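Single-structure report; data block below.
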Amino acid sequence: MDYSTALEMKKAGCTRIYFGIESGNDQILKLMNKNITTEKARNAVEAAHQAGLEVGAFFILFYPGRPMKPC
């Protein structure tokens, strides 16, 4: 999600968007195979907000498994 896409959604009548971010931890996101990072998630949320969309997000608490050790 980038600003121009969010702006087009707003122009088309979209008023609200929810993101399935699931975690605020990059290691857990990798464990979940989400193919996103916390930075990408933050940028998407900020772009949607700046375009005037109401923004929400879904998170999973206590995801099973352990975070991977840093390389």
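Since every read-out is calculated from the coordinates, none of them should be taken as a lab result. Owing to the predicted nature of the structure, the values given are computational and were not obtained by experimental measurement. Cβ placement follows ideal geometry from the backbone for every residue including glycine, while neighbour counts extend to all protein chains displayed.
Under 5 Å between amide H atoms, partner at least 5 residues away or on a different chain: which partners does Ala57 have, H built in plane at 1.01 Å?
Phe19
Spin-label point model (7 Å from Cα, Cβ direction): what's the Lys40 to Arg66 distance in nm?
Taking the two extended label points, one gets 2.6 nm.
Say each of Met32 and Thr15 gets a label point 7 Å from the Cα, pointing the same way as Cα to Cβ; how far apart are those two points in nm?
The answer from the label model is 2.8 nm.
So if R0 is 35 Å, what FRET efficiency would Ser4 and Phe58 give, r being the distance between their Cβ atoms, rounded to the nearest 0.05?
Values: r = 24 Å, r/R0 = 0.70.
For Ser4 and Phe58, the calculated efficiency is 0.90.
By average Cβ neighbour count within 10 Å, what is the ranking of 5-15, 45-55, 23-33 from highest down? Please list the in-between numbers first.
Working: 5-15: 13.0, 45-55: 16.8, 23-33: 15.3.
Answer by packing, highest mean first, reads 45-55, 23-33, 5-15.
Which whole-percent values make up P(r) of the chain when all C-alpha to C-alpha distances are grouped in 5 Å steps starting at zero?
3, 17, 25, 19, 14, 11, 7, 4, 1
Where the only charges are on Cβ atoms (+1 Lys, Arg; -1 Asp, Glu), what is the dipole of the chain about its Cα centre, to the nearest 20 debye? If you can, show how the numbers build up before the last one.
Details: 9 positive and 7 negative charges, 43 e Å.
I would put it at about 200 debye.
So what are the ³J(HN,Hα) numbers for the stretch 14-22, from phi and the Karplus equation (6.51, -1.76, 1.60; θ = phi - 60°), rounded to whole Hz, Gly and Pro as x?
Each residue of the stretch 14-22 in turn: 5, 10, 8, 9, 10, 10, x, 6, 6 Hz.
Output wanted: per-residue J couplings in Hz (rounded whole) for the stretch 27-36, from phi through Karplus 6.51 cos²θ - 1.76 cosθ + 1.60, θ = phi - 60°, x for Gly and Pro.
Running phi through 6.51 cos²θ - 1.76 cosθ + 1.60 with θ = phi - 60° gives 5, 5, 4, 5, 4, 7, 6, 6, 6, 9 Hz.
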